[in-house]
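A short write-up of the structure that comes next.
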């Protein structure tokens, strides 16, 4: 993810609000949640690594979004990735047969062809990329689509697979003939891009150039300095509800709600008995190792999105780690170059234990160094091509000697494609 991030800080100059609204209205919020679920699934596979292992991914068994997903394989090169998996819904929309196995075989101006620019961005950014756009497809229909692409790796370092989840809406009758002709001449869509790092805050910090409406200032909750703990909790909850009502699009409202939550946490330390009573009444347990977790649950609700609760907890914990005083949280978060996502990233880095080195590869090398060399003419089989692993001749020689037959048809196919270039 690695730090938490929302939409890219600024839309491309070509983005028009009306087009963005058209995409959002056509596709709806339920499908956006599907992309958040897809992102959370990707995060669940990280297991402390920079990228999930491709060995942990089986697209056909992900019932939530398998029909709307695609897997791209870059092991043979970036120019023309293969497509080992294309979901049934995508195949139907694009008119793809089972014989389509590479991006170059995908019809131009089909939905899947729109991924080309996006997957190059993900390789450059080395993080998940979200996107939404409108374009005219190969049938002359206007299509609104939204998706997320997530990196996977076969060695833990190289991005050589990308898994995407996409949905779309055919928004009506074919466009007029002259519009279709224009689209054929200049088929570039109006797009907005989303960068995802380590948390689904694309909906929380969405459109960072978005400013809260003027009337938002009138909704600010204020308290006297001597307000009681229960009053502070009420104020924080009201601020959180204002933030939720705006679908998290206003950073002003979000930061205000978090500031209220932090002040409640600071005040709770001063009256621990009152705080314990509030926790008991709410059915929320205190957590010695994560004291901000119950605070966030009290303010935003225990049923609120768990990923967001985790990120809000990290931000408040980082403020506490930096001895931010009562009333200073909002200035603290606004003073960070990366805003809320910077606090989350800093806290996760502070908590992250030293990563243990993965010595499996070195153990395998040590084993192969001890193996007896093979005679090539002793390798039997009826396959046209086989993959043989060689090592430098023991004793400091300059040549190589075969030591193992790699019995993996997919690796053989990748080696053939790479060798043929």
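With respect to residue 133, is the statement that it is assigned to a strand (DSSP E or B) and at pLDDT below 85 true? Yes; evaluated as a whole, the condition is true for this residue.
Only one entry in 36, 106 is under 30 Å from residue 349 (Cα atoms), buried (at least 19 other Cβ atoms within 10 Å of the Cβ) and in contact with a strand residue (DSSP E or B) (Cβ under 9 Å, 6 or more places away or on another chain), namely 36. Taking every residue in the stretch 268-292 that is more than 16 Å from residue 309 (Cβ to Cβ) and pairing it with any residue that is outside any helix (DSSP H, G or I), at least 6 positions away or on another chain, the pairs with Cβ-Cβ distances below 8 Å are 274/228; 276/286.
Based on this model, can you work out whether residue 401 counts as assigned to a loop (DSSP other than H, G, I, E, B), modelled with pLDDT of 85 or more and more than 30 Å from residue 260 (Cβ to Cβ)? Criteria not met by residue 401.
Filtered by the rule that a residue be in contact with a helix residue (DSSP H, G or I) (Cβ under 9 Å, 6 or more places away or on another chain) and more than 14 Å from residue 78 (Cβ to Cβ), the stretch 154-171 gives 154, 155, 163, 164, 165, 166, 167, 168, 169, 170, 171.
The values are calculated or read from the model by the stated rules, or taken from the named source; none is laboratory data. Please read all numbers here as calculations on a predicted model, not as lab measurements. Every residue, glycine among them, receives a Cβ derived from its backbone with ideal geometry; neighbour counts consider all protein chains shown.
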